[in-house]
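Any read-out appearing in this document is the output of simple, stated calculations on the displayed coordinates, not a laboratory observation. Everything numeric here is computed off the predicted structure, so don't read it as measured data. Every residue, glycine as well, gets a Cβ built from its backbone with ideal geometry; the counts of neighbours run over all protein chains shown.
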Amino acid sequence: MARALQAFLLAVRDLNSPRVLRVLAQSLALTLLIFIGAGAAIFFGARWALAHWQWLGGDSLDMAGVLIVLAIVAGSWLLFRAVAIVVVGLFADGIVADVERRHYPAAAARACDVGWRQNVALALASLGRLIGGNLLALPVYILLLVTGVGTPIFALLVNALLLGRDLEAMVLARHSERPRFGRPARWSMGLLSAASFVVPVANLLAPIVSAAMAVHMLHLRNGDPEK
């Protein structure tokens, strides 16, 4: 965990990089557009269905519209991590390459370029793990609802495991000759990343910081000299 904390603090410092800030702005803008587009489609589609099939009318239809908006807002908060990780995955190589060039130039010189096709494949694989992992955990989530706090804690642990795997794949794509992270390293990295996603405001920066943290974890583990 000590190495993960060191990598996390180094990643926070990387937020002052112009390229990282540019990727942050692009990813947030694309994430926002996805949520606005999906939210508008769901809202107007649901309103049309209710009016067309005459299930509700008048004040009831207006109330249903309010409830739909609230449901969309709640769903957006729950799905933010999934969409943000996928979107950042599309720009991942730019973040990883920038951090490596500035901190670990020798390792950057040996790295393989990751094309957009591989970035898309990594992003889709991350999404698949997220959906599959949380669907498998769903029965446990439901059982733990009676505890009040069990569900969010277990969800944090599940998503820490998933994020650790995602971040590992992201950085090893450029360094296929490097061995996989050990379980403790992958777990601690995923836990810090998952925890940052549940903190308001910080969750907006979490995808970028997580990607940079994974770079530092890789090179700190291998003893690559920092510039």
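Going by Cα centres, region 113-143 and region 171-186 are how many Å apart?
Centre-to-centre (Cα) distance: 18 Å.
Starting from the exponent 0.38 and prefactor 2.2 Å, build the expected Rg for region 84-227 from its residue count and divide its actual Cα Rg by it.
That works out to 1.09 for region 84-227.
Report, in cubic angstrom per residue, the convex hull volume of the C-alpha atoms of region 87-127.
On the way: hull volume 2.5 nm³, N = 41.
Spread over its residues, the Cα hull of region 87-127 gives 61 Å³ apiece.
Can you give the Rg/Rh ratio of region 1-46, where Rg is from the C-alpha atoms and Rh is the Kirkwood radius? All intermediate terms of the calculation are to be shown ahead of the outcome.
Working: Rg = 16.8 Å, Rh = 13.0 Å.
Ratio of gyration radius to Kirkwood radius: 1.29.
Using 0.36 nm times the number of residues separating residue 16 and residue 180, minus their current alpha carbon distance, what extension gain do you get?
Residue separation times 0.36 nm, minus the Cα-Cα distance, leaves 56.1 nm.
Over region 133-227, what is the mean sequence separation of C-alpha contacts under 8 Å (at least six apart), divided by residue count, expressed as relative contact order in percent?
Working: 75 pairs, mean separation 24.5, N = 95.
It rounds to 26 percent for region 133-227.
So if we plug the beta-carbon distance of residue 102 and residue 40 into 1/(1 + (r/R0)^6) with R0 = 30 Å, what FRET efficiency do we get, rounded to 0.05?
0.15
Spin-label point model (7 Å from Cα, Cβ direction): what's the residue 121 to residue 140 distance in nm?
About 3.0 nm separates the two model spin labels.
Cβ neighbours within 10 Å, averaged per peptide: list 12-20, 202-210, 121-129 in order, most packed at the top. The partial results should precede the final answer.
Working: 12-20: 14.9, 202-210: 21.6, 121-129: 16.6.
Packing order, densest peptide first, comes out as 202-210, 121-129, 12-20.
Provide the FRET efficiency to the nearest 0.05 for the residue 6-residue 156 pair, computing r from the beta carbons and using R0 = 30 Å.
The calculated FRET efficiency here is 0.90.
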